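Each remark here refers to the structure printed beneath this line.
The values are calculated or read from the model by the stated rules, or taken from the named source; none is laboratory data. The structure displayed is predicted, hence computed values, not measured ones. Please note: Cβ atoms are built from the backbone with ideal geometry, for glycine as well, and neighbour counts cover all protein chains shown. The area values use the complete protein model at the heavy-atom level, side chains included, leaving out ligands, DNA and RNA. Shrake-Rupley method; radii C 1.70, N 1.55, O 1.52, S 1.80 Å.
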Protein chains: 2
Amino acid sequence: MATTTKDRLIEATAELFRHQGYSATGVKEIVDAARAPFGSMYHFFPGGKEELGAATIRWSGAMYGELIEIFYADTSDPVAATRQFFEAAADTVRDTDYTDACPIATVALEVASTSDPLRRATADVFESWLVQLDAHFARNGLTKTQARSLSVSLFCLLEGAFLLARATREHRHIRAAGRTAAAAVRDALEHRASTVARRR
Amino acid sequence: MATTTKDRLIEATAELFRHQGYSATGVKEIVDAARAPFGSMYHFFPGGKEELGAATIRWSGAMYGELIEIFYADTSDPVAATRQFFEAAADTVRDTDYTDACPIATVALEVASTSDPLRRATADVFESWLVQLDAHFARNGLTKTQARSLSVSLFCLLEGAFLLARATREHRHIRAAGRTAAAAVRDALEHRASTVARRR
DNA sequence: GAAGCACTAGAGCGATCGCTCAAGTCGCGC
DNA sequence: GCGCGACTTGAGCGATCGCTCTAGTGCTTC
């Protein structure tokens, strides 16, 4: 067997969290979905639902981080990468009946004011995504400050678009946000060029 | 007494939803917070928690809609209005210890795939906000298509910034998103001007 | 083959979930 | 003052919540 019980628990939890969030997901529901014995969950995660939740948030975050790399790593055109990333996100959301958007946004909002360990896990994941984007934009000549500002804007546009698209069941909102995002990247790169030119 | 039991139920629910979402909020918790008898809830909302939830979503949406009007209604400078709106949002989030952001985003993500009546309520509220923004931008000379695109982008930037700020407990993310939002408004208005100029 | 350990297995704990229901109080129209 | 509908009140329903606990299985190491 390729997957271990622990892996199945995390993957099943990730799927349930993305679909219905943290509070609405029961432990019983998780172990059933993972085809795992009840006791095993408390063997691997002695901290219970909260510890499993934190592990799932970090695992989902790493998965999504790899997706970001796929789009931004091997390109010298961040504008195109941004456009393609948002288009792919829109396609996925549409094709999965508006369930498969951000894997941790729902949980992040639920726990932000109610569980510090879980809130911290979501914060770490979001920050890691921003760091990834920062690096790619810095590679294209932006200063740290410029890159961070751009990364934050792209993050907000994507997460906000996921929220709006899931609520309204209209994937075109993600495409609209994607056009704004691509424009923001283009403007940032142009501003870099003009800054460099002015310095000479 | 000024407030009715029904009003107190909705207001207490709104507060709890904003803080911890839909699933984590118990009916018992609601009636306690509203200082309302248990049975009264089922008198005013025979549909139970779901009906009260829908009413709360629509009420909260109307409240926040009024806030949008305050910033955009009596100004001929949508760029400044946008900047001020995001700044005010950042201040509020900071001053309320990162609880008082979007009143319905958490619930919207929770119910998007699990309850169509509630999902529809959140969709109606979001759409009403977009319509409000559309009108203000159209008043400043943008076409319907341009206005809608801009409204969607501002919505996404704000909602994404709320998510990021609550998770990381850093209000500066909202201010960063606000700068991008203000720039997007300025660009849209400039593009309008150039289009008009070209047509002449 | 015995001992030790990681993991499986699920019955069942007390607490809480959303909700029902019968009984009651209250003010208003007649 | 009587009747009636609006609203209050809280006990308690069955189901589910997260979790604990004991027992058992199977692999590894002497």
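B:R172 meets each of the listed conditions (1) within 14 Å of the chain's Cα centre (by Cα); (2) under 23 Å from A:T180 (Cβ atoms); (3) surrounded by fewer than 24 Cβ atoms within 10 Å (Cβ to Cβ); (4) more than 7 Å from chain A (Cβ to nearest Cβ) apart from (1). Within the range A:29-45, the set of residues being away from chain B (no Cβ under 14 Å) and within 11 Å of DNA strand D (Cβ to nearest atom) comprises A:I30, A:V31, A:D32, A:P37, A:F38, A:G39, A:S40, A:M41, A:Y42, A:H43, A:F45.
Picking from residues in the range B:117-147 that are small (G, A, S) and not in a loop (DSSP other than H, G, I, E, B), the one that is farthest from B:F17 (Cα to Cα) is B:A138. The condition (being within 16 Å of DNA strand D (Cβ to nearest atom), surrounded by fewer than 18 Cβ atoms within 10 Å (Cβ to Cβ) and at positive phi) is satisfied by just one residue among A:G48, A:G21, A:G26: A:G48.
Looking across the range B:29-45, the residues that are open to solvent by 20 Å² or more (accessible area, probe 1.4 Å) and in contact with a helix residue (DSSP H, G or I) (Cβ under 6 Å, 6 or more places away or on another chain) come down to B:A33, B:F38, B:S40, B:F44.
Number of residues in the range A:51-92 that are open to solvent by 40 Å² or more (accessible area, probe 1.4 Å) and either part of a helix (DSSP H, G or I) or in contact with a Gly (Cβ under 8 Å, 6 or more places away or on another chain) (or both) equals 15. Quick check: anything in the range A:45-55 within 16 Å of DNA strand C (Cβ to nearest atom) and closer than 18 Å to A:E127 by Cα? Taking every residue of the range A:45-55 in turn, at least one turns out to be within 16 Å of DNA strand C (Cβ to nearest atom) and closer than 18 Å to A:E127 by Cα. As a summary of the residue check, A:T114 satisfies the conditions (1) open to solvent by 50 Å² or more (accessible area, probe 1.4 Å); (2) at the interface with chain B (Cβ under 9 Å from one of its Cβ atoms); (3) part of a helix (DSSP H, G or I) except for the one numbered (3).
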